[in-house]
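Undergrad: What follows is a structure written as structure tokens; I'll ask about it next.
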Amino acid sequence: MSEFVPNISYPTEQKVYADRVKSKLAENGVFFPKATVVTYGCQQNVSDSQRLKGMLRLMGYDIVEDLEKSDFIIFNTCAVRGHAEDRVFGNVGATKKLKKQNPNLMVAVCGCMAQQQAVADKFKESYPYVDIVFGTQVFHRLPEFIYKRLTGGKRVFELELKNEKIVEGVPVDREDRFKGYIPIMYGCDNFCTYCIVPYVRGRERSRSAEVIVAEAKQMVADGYKEIMLLGQNVNSYGKGNDDGINFAKLLRMVNNIEGDFRIRFMTSHPKDCTIELLDAMRDCEKVENHLHLPFQSGNSRVLKAMNRRYTRDDYLSLIKVARERMPDIAFTSDIIVGFPGETYEEFKETLSLVKEVKFASLFTFIYSPREGTPGEKMPDPVSRAEKGKWFDELLKTQDRIQKDYNNGFVGKTVRVLFEEEAPKQDYIIGKSDGTVSVYVKANKDLIGKFADVKVVSNDGVLYGTIV
Ligand code: 5AD
Ligand code: SF4
């Protein structure tokens, strides 16, 4: 089922293209077209893919997860780290064979990786069986691209990055019936020196608060229990809009929607994390008791070289201020190990910060040079093998901390949202508003519902019983 954001209409032009695609496919003898969307990378991409699926359904495609049965395959790609890109080239390459089996098959590549000119050129020159390549700011034009390829014969390459107003009304196909994403802003203006995102997603552009609240209301009315507000840097939400609504205010507006649901958000940049936001988090009962606050490095020199615009002390003060307001708040973070020029002594400050803050969980990455970023040109004398050792040390440290952290929940009662079946038979997994997962022996009909659960033990995973 596809949903439309209420009151906002998808551009007529694209609707017309969608209708024409439907007729053209039938003319070509493809009566029950099937499409697979392959997604790499972050939640933003998952959310974009749900919109790609919405548009594909509008064109009459059934969404499947089977490349062999598909008439249309689209790869929505990620460029944040190198190895994700290598996988995409491999998987796109494998569609050459599928095209021999199904001459009607069309292959498209979009997203952050495709936005890079060098990558698009590589697809143009060395992957002649790729029909359509497009970037991050034109994905709402999918019906047009498919139509043009179906009728004109020429391959379509569209990398326009004009940073114009966000096109609203794109149909959404959310897979989950109880958890859903709402993108609130796109792009990033921060230019951290390791990161490719500002180049491939362009400038920060925020959706209007009115549209976001309308979408959230519709989701609550449809029975959604968890809404995740998404953006590369949600804390700078609203810049450039003229309604004066910043992220703290937006949170309060979404929190005011009546209903039993909870609100999560990602990602917050520490430099833009304000007292006003922390106050809003404390005051809003639906906002989860969790802050994902990437610090990247615990050393102030490295932070400066990364262009993060805060110091180690700034970060630790922020944690303190947040804990004063919300004593049980769970923190999670992103860390890069082995930024160019980082020494072992400097890395040890990352370790010590991890020990000091006691994060609920961490997303850790070894630095990956990205073409066109300032980081790529910085001297990087430490070997990959050495960085690997540091990385393992970080994982081991966090492992111990996380065990202690989870032990702290034994005996406590937490409100969870049941999300999925556990790998263990007859158990389902519930997630607290502070991100801990609890295994509970219960009927899977409870998935998508809230319950109070008493945590009884921890043997690597937490077990609990419904109160
Ligand atoms: N190398 C390694 N990790 C990176 N990230 C972003 N760019 C790079 C890179 N070039 C990480 C950061 C960011 C997360 C989404 O990905 O930690 O917060
Ligand atoms: Fe990349 Fe930094 Fe922007 Fe995050 S804030 S997307 S790490 S440039």
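Undergrad: Nearest 20 debye, what's the magnitude of the dipole of the chain about its Cα centre given +1 on Lys and Arg Cβ and -1 on Asp and Glu Cβ? Walk me through the numbers on the way to the answer.
TA: Values: 68 positive and 65 negative charges, 135 e Å.
In debye, rounded to 20, the chain gives about 640.
Undergrad: Given H placed 1.01 Å from N in the peptide plane, which residues other than close sequence neighbours of Phe265 have an amide H under 5 Å from its amide H?
TA: Under 5 Å from the amide H of Phe265: Leu229.
Undergrad: Next question. Quick one: Karplus J couplings for segment 50-61, per residue in order, coefficients 6.51, -1.76, 1.60, θ = phi - 60°, nearest Hz, x for Gly and Pro?
TA: My calculation for segment 50-61 gives 5, 6, 4, 5, x, 5, 5, 5, 4, 8, x, 6 Hz in order.
Undergrad: Okay, next question. Just to make sure I understand: if all protein chains stay in place, what is the order of His290, His83, His140 by accessible area at 1.4 Å, largest first? Could you put the intermediate results ahead of the total?
TA: Details: His290 10, His83 125, His140 30 Å².
Output order, biggest surface exposure first: His83, His140, His290.
Undergrad: Shifting gears a bit: Measure up Lys249/Lys320; Lys96/Lys148; Lys122/Lys179; Lys154/Lys179; Lys162/Lys239 against 29 Å on the Cα-Cα distance and list the ones that go over.
TA: Working: Lys249/Lys320 22 Å; Lys96/Lys148 21 Å; Lys122/Lys179 37 Å; Lys154/Lys179 40 Å; Lys162/Lys239 17 Å.
Listed pairs above 29 Å: Lys122/Lys179; Lys154/Lys179.
Undergrad: Right, something else. With a ≥ b ≥ c taken as the square roots of the eigenvalues of the C-alpha gyration tensor of segment 369-447, please select rounded if a/c is under 1.5 and otherwise prolate if a/b is larger than b/c or oblate if it is not?
TA: The shape class here is prolate.
Undergrad: Could you check the simple spin-label distance between Lys449 and Phe191, using points 7 Å along Cα→Cβ, in nm with one decimal?
TA: 5.3
Undergrad: Where does each of Thr274, Thr350, Thr364 land when they are ordered by accessible area, with a 1.4 Å probe and the largest first?
TA: On the way: Thr274 65, Thr350 0, Thr364 30 Å².
Sorted descending by solvent-accessible area, the residues read Thr274, Thr364, Thr350.
Undergrad: Find which of Ile319, Gly152, Trp390 sits farthest along the positive direction of the dipole of the chain, computed with +1 on the beta-carbon of Lys and Arg, -1 on that of Asp and Glu, about the Cα centre.
TA: Gly152
Undergrad: A further question on this structure: Going by Cα centres, segment 364-426 and segment 33-108 are how many Å apart?
TA: The two parts, judged by their Cα centres, are 28 Å apart.
Undergrad: Step through the residues of segment 65-72 one at a time and calculate ³J(HN,Hα) from phi using the Karplus curve (6.51 cos²θ - 1.76 cosθ + 1.60, θ = phi - 60°), rounding each to whole Hz and writing x for Gly and Pro.
TA: Once θ is set to phi - 60°, the couplings for segment 65-72 become 10, 9, 4, 5, 9, 8, 9, 9 Hz.
Undergrad: While we're here: Taking amide H atoms as placed 1.01 Å from N in the peptide plane, list the residues 5 or more away in sequence, or in a different chain, whose amide H sits under 5 Å from that of Arg174.
TA: Amide H to amide H, under 5 Å and 5 or more residues apart or across chains, Arg174 pairs with Glu3.
Undergrad: I'd like the isolated cysteines in the chain, meaning no second cysteine's beta-carbon lies under 4.7 angstrom from theirs.
TA: Cys42, Cys78, Cys110, Cys112, Cys188, Cys273, Cys284 - these cysteines have no disulfide-compatible partner (Cβ-Cβ under 4.7 Å) in the chain.
Undergrad: OK, next. Might you work out the accessible area of Leu351 for me, using a 1.4 Å probe with all protein chains in place, and round it to the nearest 10 Å²?
TA: 10
Undergrad: Post the alpha-carbon centroid distance, segment 164-201 to segment 434-467, in whole angstrom.
TA: Taking the Cα centre of each part, segment 164-201 and segment 434-467 sit 31 Å apart.
Undergrad: Next question, about the same structure. Can you find, among Ser206, Pro270, Pro374, the residue sitting farthest towards the positive end of the charge dipole of the chain, where Lys and Arg contribute +1 and Asp and Glu -1 at Cβ?
TA: My answer, from the dipole projection, is Pro374.
Undergrad: Here is a further query. Can you give the Rg and Dmax of the chain based on its C-alpha atoms, in angstrom?
TA: Using the Cα atoms of the chain, the pair Rg, Dmax is 23.0, 67 Å.
Undergrad: Rounded, prolate or oblate: pick one for segment 60-186, where a ≥ b ≥ c are the square roots of the eigenvalues of its C-alpha gyration tensor, a/c under 1.5 means rounded, and failing that, prolate if a/b is larger than b/c, else oblate.
TA: Values: a/c = 1.38, a/b = 1.21, b/c = 1.14.
Verdict is rounded for segment 60-186.
Undergrad: Under the rule of -39500 (n - 2.57) per DSSP H run of 4 or more residues, summed and divided by the residues of the chain, what mean residue ellipticity at 222 nm is obtained, to the nearest 500 deg cm²/dmol?
TA: On the way: 15 runs with 170 residues, N = 467.
So the calculated ellipticity at 222 nm is -11000 deg cm²/dmol.
Undergrad: For Val16, project a label point 7 Å along Cα to C-beta. Then give me every residue of segment 51-89 with its amide nitrogen under 18 Å of that point.
TA: The answer is 59.
Undergrad: Sticking with this one: Specify whether the C-alpha gyration tensor of segment 1-105 places it in the rounded, prolate or oblate class, a ≥ b ≥ c being the square roots of the eigenvalues: rounded for a/c under 1.5, otherwise prolate if a/b is larger than b/c and oblate if not. Mind dumping the intermediate values first?
TA: Numbers: a/c = 2.49, a/b = 1.16, b/c = 2.14.
The shape class here is oblate.
Undergrad: Rounded to the nearest 0.05, what FRET efficiency is calculated for Asn163 and Lys69 with R0 set to 41 Å and r the Cβ-Cβ distance? Could you put the intermediate results ahead of the total?
TA: Working: r = 38 Å, r/R0 = 0.93.
So, using R0 = 41 Å, E works out to roughly 0.60.
Undergrad: Where the only charges are on Cβ atoms (+1 Lys, Arg; -1 Asp, Glu), what is the dipole of segment 26-112 about its Cα centre, to the nearest 20 debye? Mind showing how you got there, number by number?
TA: On the way: 11 positive and 9 negative charges, 25 e Å.
Value, rounded to 20: 120 debye.
Undergrad: Considering only DSSP beta bridges whose two residues both sit in the chain, what percent are antiparallel, to the nearest 5? Present the calculation step by step, with values, prior to reporting the outcome.
TA: Details: 23 of 66 bridges.
Beta bridges within the chain, antiparallel portion: roughly 35 percent.
Undergrad: So, one more: In terms of modelled amide H atoms, which long-range or inter-chain residues lie less than 5 Å from the amide H of Phe75?
TA: Val38, Ala108, Val109, Cys110
Undergrad: Then there's this: Calculate what fraction, in whole %, of the accessible area of segment 79-198 sits on carbon and sulfur atoms when a 1.4 Å probe is rolled over the protein chains. Display every interim value, and only then the final one.
TA: Numbers: 2430 of 4830 Å².
Of the solvent-accessible surface of segment 79-198, carbon and sulfur hold 50 percent.
The values are calculated or read from the model by the stated rules, or taken from the named source; none is laboratory data. In this text the structure is predicted, and so the values were computed from the model without any measurement. Every residue, glycine as well, gets a Cβ built from its backbone with ideal geometry; the counts of neighbours run over all protein chains shown. For the accessible areas, the whole protein counts, side chains as well, though only heavy atoms, and no ligand, DNA or RNA atoms are used. Shrake-Rupley method; radii C 1.70, N 1.55, O 1.52, S 1.80 Å.
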